[in-house]
Structure formats: structure tokens, C-alpha cells
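The values are calculated or read from the model by the stated rules, or taken from the named source; none is laboratory data. Please read these numbers as outputs of a predicted model, since none were measured by experiment. Cβ sites come from the backbone with ideal geometry, for glycine too, and all protein chains shown count toward neighbours.
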Amino acid sequence: MFTMRYIGLSISLMTNAAFADALHICVDKTPSPPFVYSEKINGAGQLRGYSLDLVKQLLTSVGRTYDIKSLASPEIEKKIQNADPKSGCDVVLDVAKTPAKEAFLLLTPPVYSLNYDLMYNWERYMTGLGVKSLADVAKLKACGVSGYDYSAVGKDLKIKLLDNVKDAVFELKHKTCDVFVAEGVVMRYGQRMNNYQVPPVGCVRLDGTSKNYHIGIAKHVVGASALLGKIQQQLIAPTTKKTIAALAETYDVNTIACQQTLRVSP
């Protein structure tokens, strides 16, 4: 009987120790303002952003310690899928829900949503684009950014892919592209951070292209389901809702206003 109690106590201590381990939040080295990026002005080199600040707040609220690792995307993908609890990546941000991702991640409810807009040079199209369908848009020269998921409009539009937002804005300004298919919030924040100079722009909301983004917890984390449950409770708590609203204001992630809305069939 003594032996059984001793074994049970050992297992309990091991479980508690595992829960006390710091979680490794892994973020992509490639900046993605306003969600995760390296500060250039105040506290140069410090990682910050809407998603990062939010997950730090949530983990603190549920009593979990953490550290932050900045890694290349392929390395994060490899580590987060590793079944070993000591793989080095436990939490990832800005995850779009897919069956492939859910094979190795538990996802929180959506923490923000983005949609694509058609951004255009207002000085060139002062009265608007005058488009009534994607077929009309297809007659224009459209630019996008390599690596972005344009599946919602890709079958209808031929999009010239560029390396980054800065290049797309340059081509928009110099009329190489008529429209930039963009997540307008991301473009706006880059302008605010002086990453590029944006000409006066108008936009057409592509209604139907909205995509939800989540925080992902690796299934290899000990007690991952319990941790997800605690985070879900925090997300609906009044204090957390106030935090999210304050972060949205700080990082300017609220939806931009467009002059026109164009319905895109899913």
C-alpha cells in the first residue's frame, strides 16, 4: 500500500512539474506588422504586435510562464508538428484554420479576422474603379504579395505576385498595377510605421473574402486541451474583451472604411 501511494505521489509531482514548464511561443522571423514585428523606434529590436501582446496577456492570465523564439517559418512548422513535448515550439500565432493545421494544433476561437480589399491610387481613379463584378476587375492589372492566400479570388483574377507589400505599393504608385489585392489593415499599419510611402488610396471591399485567425497550441503540449479550455474562458471574460479592444486601438487593426463593396461568391 505504501508503495502504491509513493508511485501515485511521484506521478502527481511529475505532472505538476510538466505544467509548470515555460511554454515556447514561436514567431516568424519575417515581420508581420501590426501582428508581430520587431520595434524599430521605441525599444529597438523588441518584439511586439497585436497577436503577440494578446497571447502574452492570455498566458499570464491562466498562470503559464512563457518565452518567445523568433525562427524561420519552415523551422516553426517542423517543431510545432513534432510529437516530442520538448520540440521547442508550443504556441504559434496568426493561424488560419485548415484540416492540415488541426492535425497537430488545437485552435482557439478566432482572435481577429481580415478580408481582402482592392486598393487603388485615388489620384488616378478619383471617381472610383467603376467595377460591378470580378469580371470587371479581371480587366485591370492586379498585384499581390507572394505567399498570401488568394484562393478566394484567384480563380477569377490573374494576380502579379511581388516579394512584399512595399513593392506592391511602389507599382500601385507608379501605375504598373491598377489595383493591389491587399489586407488593408496590414497595408495601413506599414504606412503608419513608415515602411513605405502610400499614395492617396481608395478601396473596394471584397465582401466574402474574410478569413479568421487563431492562436494555435501544439497537441504535444502536456495538458494542451486543459490549457485551451482556460484560454477560451479568458477570451470571453469582460476584462479580456477590454484588453482586445485596447490592443485593436493601439495597433490599428480595426477594419478600414471602403468607398464600395463588391460581393465575392465563396
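Please verify whether Q234 is surrounded by fewer than 13 Cβ atoms within 10 Å (Cβ to Cβ) and over 14 Å from the mean Cα position of the chain (by Cα), treating the condition exactly as stated. Break it down stepwise before answering.
Details: surrounded by fewer than 13 Cβ atoms within 10 Å (Cβ to Cβ): no; over 14 Å from the mean Cα position of the chain (by Cα): yes.
No: the conditions fail for Q234.
Answer with yes or no whether G229 is in a helix (DSSP H, G or I) and not assigned by TED's automatic domain parsing to the domain that holds L129.
Details: in a helix (DSSP H, G or I): yes; not assigned by TED's automatic domain parsing to the domain that holds L129: yes.
Spelling it out, G229 is indeed in a helix (DSSP H, G or I) and not assigned by TED's automatic domain parsing to the domain that holds L129.
Go through the stretch 248-264 residue by residue and tally those that are touching a strand residue (DSSP E or B) at 6+ places or on another chain (Cβ under 7 Å) and closer than 21 Å to L134 by Cα.
Going through the stretch 248-264, the residues touching a strand residue (DSSP E or B) at 6+ places or on another chain (Cβ under 7 Å) turn out to be 253, 256, 258-264.
Checking the rest, the ones that are also closer than 21 Å to L134 by Cα come to 256, 258-264.
The qualifying residues number 8.
Which of the residues spanning the stretch 110-136 are in a loop (DSSP other than H, G, I, E, B), in contact (Cβ under 8 Å) with a residue 24 or more places away in the chain and not charged (D, E, K, R)?
Listed by number, the residues that qualify are P110, V111, N115, W122, Y125, G128, L129, V131, S133.
Among (1) more than 17 Å from F35 (Cα to Cα); (2) among the polar types (S, T, N, Q); (3) in contact with a strand residue (DSSP E or B) (Cβ under 7 Å, 6 or more places away or on another chain), where does S70 come up short?
(1)
State all residues of the stretch 78-97 that are surrounded by fewer than 18 Cβ atoms within 10 Å (Cβ to Cβ) and more than 14 Å from the chain's Cα centre (by Cα); if no residue qualifies, say none.
K78, Q81, N82, A83, D84, P85, K86, S87, G88
Taking the stretch 101-136 as the search range and keeping residues that are farther than 14 Å from A182 by Cβ and hydroxyl-bearing (S, T, Y), which one is surrounded by the fewest Cβ atoms within 10 Å (Cβ to Cβ)?
T127
From the list L106, L58, exactly one residue is in a helix (DSSP H, G or I), touching a residue at least 12 places away in the same chain (Cβ under 8 Å), assigned by TED's automatic domain parsing to the domain that holds I231 and farther than 21 Å from Y189 by Cα. Which is it?
Values: L106 fails: in a helix (DSSP H, G or I).
Answer to the selection: L58.
For the stretch 244-258, which positions are out of contact with any Leu (no Cβ under 9 Å at 6 or more places or on another chain) and either under 20 Å from Y120 (Cα atoms) or of a type outside the set (A, V, I, L, M) (or both)? Full working, then the answer.
Step one: filter the stretch 244-258 for residues out of contact with any Leu (no Cβ under 9 Å at 6 or more places or on another chain), giving 245-246, 248-252, 254, 256-257.
Result: E249, T250, Y251, D252, N254, I256, A257.
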